[in-house]
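Trainee: This is the structure I want to talk about, given as structure tokens.
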Amino acid sequence: MDEILNLDTVSKYNDLFGVETLHPLVSVIDFSKCEAVDPRRMRVGFYTVFLKEVKCGEMLYGRGTYDYQDGTMVFLAPGQCYGINATGKVKGKGWALVFHPDLLRGTQLGRNIRQYTFFSYEVNEALHLSEQERRTILDCMHNIDHELHHAIDKHSRTLIVNNIEMLLNYCVRFYDRQFITRSEVVNRDILSRFERLLDDYMDSDKPQTIGLPTVQYCAGELHLSPNYFGDLIKRETGRTAQEQIRLRLIDAAKERVLDRSRSISEIAYDLGFKYPAHFTRLFKNTVGCTPVEYRNVN
């Protein structure tokens with residue numbers, strides 16, 4: 001399992017599972033019809049969407065593991081690494097949609113693919129489907145597979161890409177549902193931990209040694225991927241994680257600006273700004289006046 005198999009094309013991925021390549025840039029794979037394969041780690045050069053129907057071992061993502069259960073969807077972007085941790089050959093039951101970035105060149109989906117942030121989620125932030133949602137995803141998979149078995153003509157690429165986009169849009173809807181129906185206690189706990197994390201950060205020497213707190217830093221401390229963390233905070237508060245960080249910075253700044261024994265530049269550096277002018281600009285854009293003006297009227 002230490003050696004990583006690099007699969008940069010859809011056809012190489014198909015060959016691994018003994019699947020016929022119907023289109024060089026996209027494939028729909030029914031794992032129940034595939035050959036059993038040895039467990040291994042692989043790095044893919046294309047987008048991959050997994051729908052797992054039965055448990056067949058732990059899925060490896062990076063160096064972590066994920067208990068890959070029924071009705072679970074996992075999304076991988078090009079360049080990501082995954083594998084299955086199991087004893088002996090693996091014979092799965094489920095589906096995979098794989099499509100190369102070249103398929104999307106010049107299309108609306110190609111221009112918007114980065115908006116589907118779940119391709120950068122960690123595996124432990126997978127999408128868990130209801131039975132009805134699973135059927136919807138399978139319908140999309142079947143539609144794409146049906147088009148792949150149709151003789152290629154001038155409409156093929158458009159229809160395939162449109163069906164992929166529909167599937168991804170359904171996943172956006174189902175993730176929204178998961179954010180809402182997921183335990184409110186869990187979501188509130190993450191938000192509370194985020195707020196405490198910012199408070200502790202601002203009260204420590206980290207602003208002077210590390211700089212301003214970032215979304216990536218906060219997500220890492222909360223053991224979440226930046227995209228998942230950002231999406232969760234947006235849904236819980238209506239603001240982006242970056243906006244939440246800036247508001248906490250300004251709250252801390254307001255308190256410190258009122259200390260007339262310290263210059264605005266000193267306060268800016270203590271908060272983690274490299275340049276006092278950047279601090280003044282952010283303060284004015286947020287509060288409506290400069291730090292000096294705020295100090296003079298309070």
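Trainee: Return the pair list, or none, for Cβ contacts closer than 7 Å from residues in the stretch 94-114 that are over 13 Å from Glu165 (Cα atoms) and assigned by TED's automatic domain parsing to the domain that holds Ser27 to residues that are surrounded by 20 or more Cβ atoms within 10 Å (Cβ to Cβ) and among the charged types (D, E, K, R), at least 6 apart or on different chains.
Mentor: Cβ pairs passing all conditions: Gly94/Lys52.
Trainee: Does the stretch 52-70 contain at least one residue that is at pLDDT 90 or above and assigned to a strand (DSSP E or B)? Please lay out each step first, then the result.
Mentor: Keep residues of the stretch 52-70 that are at pLDDT 90 or above, which gives none.
No, every residue in the stretch 52-70 fails to be at pLDDT 90 or above and assigned to a strand (DSSP E or B).
Trainee: Continuing with the same structure: Listed residues Tyr116, Tyr201, Tyr175, Tyr121; which is in contact with a Cys (Cβ under 8 Å, 6 or more places away or on another chain) and either within 28 Å of Thr237 (Cα to Cα) or modelled with pLDDT of 90 or more (or both)?
Mentor: Exactly one residue qualifies, and that residue is Tyr116.
Trainee: A follow-up question, please. So which residues in the stretch 268-279 are surrounded by 15 or more Cβ atoms within 10 Å (Cβ to Cβ) and closer than 13 Å to Arg246 by Cα?
Mentor: Quick first cut of the stretch 268-279, residues surrounded by 15 or more Cβ atoms within 10 Å (Cβ to Cβ) only: 268-273, 276, 279.
Answer for the stretch 268-279, where residues must be surrounded by 15 or more Cβ atoms within 10 Å (Cβ to Cβ) and closer than 13 Å to Arg246 by Cα: Leu271, Gly272, Phe273, Phe279.
Trainee: Another one. What is the number of the single condition among (1) within 18 Å of Phe75 (Cα to Cα); (2) of a type in the set (Ser, Thr, Tyr); (3) out of contact with any Leu (no Cβ under 6 Å at 6 or more places or on another chain) that Thr158 does not meet?
Mentor: (1)
Trainee: Right, something else. Checking Ser265 against (1) at pLDDT 90 or above; (2) crowded, with 16+ Cβ neighbours inside 10 Å, only one condition comes out false. Which one?
Mentor: Failing condition for Ser265: (2).
Trainee: Any residue at all in the stretch 210-228 that is more than 17 Å from the chain's Cα centre (by Cα), part of a helix (DSSP H, G or I) and of a type in the set (Phe, Trp, Tyr)?
Mentor: no
Trainee: Would you pick out the residues in the stretch 215-243 that are out of contact with any helix residue (DSSP H, G or I) (no Cβ under 6 Å at 6 or more places or on another chain) and farther than 19 Å from Glu125 by Cβ?
Mentor: Scanning the stretch 215-243 gives Gly238, Arg239, Glu243.
Trainee: Every residue in the stretch 243-294 that is out of contact with any Asp or Glu (no Cβ under 9 Å at 6 or more places or on another chain), part of a helix (DSSP H, G or I) and basic (Lys, Arg), please.
Mentor: Passing the criteria: Arg246, Lys254, Arg281.
Trainee: Have a look at Thr237, Thr286, Thr280, Thr214 and point out the one that is in contact with a Ser or Thr (Cβ under 6 Å, 6 or more places away or on another chain) and in contact (Cβ under 8 Å) with a residue 12 or more places away in the chain.
Mentor: Values: Thr237 fails: in contact with a Ser or Thr (Cβ under 6 Å, 6 or more places away or on another chain); Thr286 fails: in contact with a Ser or Thr (Cβ under 6 Å, 6 or more places away or on another chain); Thr214 fails: in contact with a Ser or Thr (Cβ under 6 Å, 6 or more places away or on another chain).
Answer to the check: Thr280.
Trainee: Can you confirm whether the stretch 147-156 contains a residue that is hydrophobic (A, V, I, L, M, F, W, C) and not in a helix (DSSP H, G or I)? Explain how you work it out, then say what you get.
Mentor: As a first pass, look at the stretch 147-156 and keep what is hydrophobic (A, V, I, L, M, F, W, C): 148, 151-152.
Remaining after also requiring not in a helix (DSSP H, G or I): 151-152.
Yes, the stretch 147-156 has at least one match.
Trainee: Which of the numbered conditions does Leu247 fail, given that it passes all the others? Conditions: (1) crowded, with 17+ Cβ neighbours inside 10 Å; (2) within 30 Å of the chain's Cα centre (by Cα).
Mentor: Unmet for Leu247, out of (1) crowded, with 17+ Cβ neighbours inside 10 Å; (2) within 30 Å of the chain's Cα centre (by Cα): (1).
Trainee: May I pose another question? Among the residues of the stretch 42-49, is any part of a loop (DSSP other than H, G, I, E, B), in contact with a His (Cβ under 6 Å, 6 or more places away or on another chain) and at pLDDT 80 or above? Full working, then the answer.
Mentor: Let us first name the residues in the stretch 42-49 that are part of a loop (DSSP other than H, G, I, E, B), namely 45-46.
This time we only want the ones that are in contact with a His (Cβ under 6 Å, 6 or more places away or on another chain), so: 46.
So of that shortlist, the ones also at pLDDT 80 or above come out as 46.
For the stretch 42-49, residues part of a loop (DSSP other than H, G, I, E, B), in contact with a His (Cβ under 6 Å, 6 or more places away or on another chain) and at pLDDT 80 or above: present.
The values are calculated or read from the model by the stated rules, or taken from the named source; none is laboratory data. In this text, all values refer to a predicted model and were calculated from it rather than measured experimentally. Here the Cβ is made from the backbone with ideal geometry for all residues, glycine too, and neighbour counts use every protein chain on show.
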